[in-house]
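The values are calculated or read from the model by the stated rules, or taken from the named source; none is laboratory data. Since this is a predicted model, take the numbers as computed values, not measurements. Ideal geometry is used to build each Cβ from the backbone, glycine not excepted, and the neighbour counts take in all protein chains shown. Surface accessibility is based on the protein's heavy atoms, side chains included, excluding ligands, DNA and RNA. Shrake-Rupley method; radii C 1.70, N 1.55, O 1.52, S 1.80 Å.
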Amino acid sequence: MRTRVYWSNGHPKHHTNEDDGQLGCLLNCMCNRDPMAHAHVNFTRSGLPIKEMKHIAKVTWGDESAVDQIGDYTPTNPYKMKHLQWVIARTELHNMLGLYSWMAPWEYCPDEKNQYVGDPNMEAKIFSAVTGVNKTGDDLDKDGIRAWLL
């Protein structure tokens, strides 16, 4: 039996194992179908070559093994789980701030001179603008969602 990789309206299936293997499966299990978490989908479907994606993964999640080419999945590892933790935290942050992250390129940008690595403080800037509480990207990663709400 062949797996269908497109939804009935023609766009690629996403949000679960079709894009990120184990990360997508775990995220989908936690959110009980269609988590609407685009933090990983935006990255996976960015159109960047896998070499560039692996570089961004190393900068963002500590190792290039945090991402795989679509359909070419390798066994899970701590970096993939760090990537998953990042996706869950970003999804909750975006929901809390009333952002819809469907197209936001948080961890990458189209600027080749920065090796396509995005502004690590972009979400913190939005968080600060919405809440009046100054945070950096490192603060958001370190503190966790519960700390943001306190």
Open item on the list: Between segment 69-89 and segment 105-139, how far is it from one alpha carbon centroid to the other, in angstrom?
Closed with: 21 Å
Task: Interchain or long-range residues, amide H under 5 Å from V117's placed H - done: C109
Task: Protein-only accessible surface order, largest first, of D138, D68 at 1.4 Å - done: D138, D68
- [ ] With a 1.4 Å probe and all protein chains in place, put W86, W61 in order of accessible area, largest first.
- [x] W86, W61
TODO: Express in nm, to one decimal, how much length is gained between V117 and D138 on full extension, taking 0.36 nm for each residue of separation and deducting their alpha carbon distance.
DONE: 6.0 nm
TODO: Sum up the charges of everything whose Cβ sits under 9 Å from the Cβ of A57, counting Lys and Arg as +1 and Asp and Glu as -1, but leave A57 out.
DONE: -1
Task: T76 versus M96: modelled label distance in nm, points set 7 Å from Cα along the beta carbon direction - done: 2.4 nm
Task: Distance-filtered residues of segment 71-98 - backbone nitrogen under 17 Å, label point 7 angstrom along A129 Cα→Cβ - done: 93-98
